[in-house]
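In what follows, a structure is listed as structure tokens, so that the remarks can point back to it.
The values are calculated or read from the model by the stated rules, or taken from the named source; none is laboratory data. Note that the structure is predicted; figures quoted are calculated from it, not measured. Cβ placement follows ideal geometry from the backbone for every residue including glycine, while neighbour counts extend to all protein chains displayed. Areas reflect the complete protein model, heavy atoms only, side chains present, ligands, DNA and RNA absent. Shrake-Rupley method; radii C 1.70, N 1.55, O 1.52, S 1.80 Å.
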Amino acid sequence: MKTQSIADVCIVGSGAGGGVMAAELARAGIEVVVLERGPERSGADFMRQDELGNVVRQDFFAPGYRETLREHAQQQARPGRYSLLAQTLGGSMVHWGAWSWRFRADEMRMLSRDGPLPGVNLADWPIDYAELEPFYAQAERALGVAGHAGSNPFETPRHGDYPNPPHVYRPSSRLIEAGARKLGLHPFPLPMAINSRPYDDRAKCMNGGQCAGFGCPVNAKASPLVVQLPLARTSGKARILTGARALEITVDAESRARGVVYRTADGATQELRARHVIVAGGSIGSATLLLASRSARFPQGLANGSDQVGRNLMCHVFALLNFEMREPSLAQFGPPGNIGVDDYHPSDAARGFVGGAVIGEAIDPLPIGSAVKSADYLRGQRAWGEALSRYLGRYPHYCGMIAIGEDLPQAANRIDLDPDHRDADGVALPRITHTRHPNDLALARFMEARMREIAEAGGALKTFASDYTAARTASGHIMGTCRMGGDPRISVLDRWCRSHEVPNLWVVDGSFFPTSGGYNPTLTIVANAYRVAAHFVAEARRLNLR
């Protein structure tokens, strides 16, 4: 095995957390090497995307990538692809839907807010909204978030407006707006990291419609691929290796991280030595890498003396409702949802559950996939001919709403290494164990009913729910597995996302979340990465990094 020269920092993963860390550290003069398992793609590649490749074949996955899934520890895990986490330079933000929410202040204090709950491993965050707020603003500026500050009366107060104005509503947005207002609710423009006008040398949105699940051919949608990684490269201090699959983090005689063993695209195995290792492979990938990094000092996996690595996996609670309009919805054009309703976000135990959710307009720009999922059509039977033709004739009149709610952390919901299933390289597959808490199901049913009320009040011809509601375990919203906290006995990371046990090991992605909140997590991951990067650079300049 070849050993490379020592770098200041090795970053595993180039997505929401890793991309920010690479840019900020490199711009501060710190030598950075980024290991990315997937290839580098460009706008020209995204021009050739289609539903078959992106949704059915899942081309954003690394070739041969699989996971296993089970609902409880007594069940045999099933191999497959369950998460929607891309392996590509820039990470899953390359194909994200770009909804960009700040968490409410009370969502970071769920244990204090709602108290202990049966079967739930609640914890307050060791940081608060006030500490994160300036980094939320920095993230919004970097990504060019489009929105209208103050239009959501249920958000935690913010300082300053969004850098871009909101996108133009379409007919389906107006139906949701009318229905919500008729019910006394407070609809508002949904914040998205998609340019509503030219911004930061990136084009405005061309209203192509295929955002979630697809890359943006004109770079109107923000991602590390087009925002942070170019800054890292122009610094002259960053080296980015694609096709580099991290296999293990090695340790030295002092139980410090020594470097990262990885496999190159041509199959060679190398070790990159580094003074600090930053893991940013997502909640599944980061936990898997730490658990696979076993040694005499760390027999249960690196930084896992507390047995907390991989635990408290959260996947968000979803409820989805489709509706049909009299006029064309135009939902197949433009960004993935222009309008939101947040009235049901504040936690209220009187409803029979704790936590809350945000409702957003949910377009489906995939006609065949929409037909297969539709309760109004085939219920997954994949029939063709006249039935499909009739559905596609009405397809331009369809739209929907999705509610994204808090998935309660449970210690038994976890990622570990599957003892029975390995990939083609002989590496154990990540095993997802996740079951829904009754609170999750109650929240989903409640939100589905509220969305139906909004659609009917707005004049929808008919509504139909989806099997997607609540049942989906894995998604693009994967959080937890390396919880941040003040007590090393019950958390993996300190308040700076630094390992309690290994002083030169950091985990800067969605793994750090103690609770999931009721919003898409990406903006919070990006904001926290800016916070951690500022701390890392400041400590490096003070010579305090050991």
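Remarks
- Subset tally (residues that are within 14 Å of R37 (Cβ to Cβ), assigned to a strand (DSSP E or B) and small (G, A, S)) for segment 1-26: 0
- Set S92, S42, S83, S100: member being open to solvent by 20 Å² or more (accessible area, probe 1.4 Å), closer than 15 Å to A212 by Cα and either at pLDDT 95 or above or of a type in the set (G, A, S) (or both): S92
- Residue within segment 356-365 that is aliphatic (A, V, I, L, M), open to solvent by 10 Å² or more (accessible area, probe 1.4 Å) and at pLDDT below 95 present: yes
- Cβ separations smaller than 6 Å between residues 6+ apart or across chains give the following pairs from segment 532-545 residues that are more than 21 Å from S511 (Cβ to Cβ) and part of a helix (DSSP H, G or I) to residues that are modelled with pLDDT of 95 or more and open to solvent by 30 Å² or more (accessible area, probe 1.4 Å): V537/A28.
- Residue match in segment 501-514 (condition: open to solvent by 10 Å² or more (accessible area, probe 1.4 Å), part of a strand (DSSP E or B) and at negative phi): no
- Of all residues in segment 27-55, exactly one satisfies the criterion of being assigned to a helix (DSSP H, G or I) and farther than 20 Å from P217 by Cα, namely R27.
- Selection status of H159, more than 17 Å from A357 (Cα to Cα) and either modelled with pLDDT of 95 or more or open to solvent by less than 40 Å² (accessible area, probe 1.4 Å) (or both): no
- Residues located in segment 403-418, provided they are open to solvent by less than 10 Å² (accessible area, probe 1.4 Å) and either free of Cβ contacts under 8 Å to residues at least 40 places away in the same chain or closer than 14 Å to L69 by Cβ (or both): N413, I415, D418
- Positions within segment 46-55 being in contact (Cβ under 8 Å) with a residue 12 or more places away in the chain and open to solvent by 20 Å² or more (accessible area, probe 1.4 Å), in sequence order: M47, Q49, E51, N54, V55
- Within segment 242-268, considering residues that are touching a Phe, Trp or Tyr at 6+ places or on another chain (Cβ under 8 Å) and modelled with pLDDT of 95 or more, the one farthest from T88 (Cα to Cα): V251
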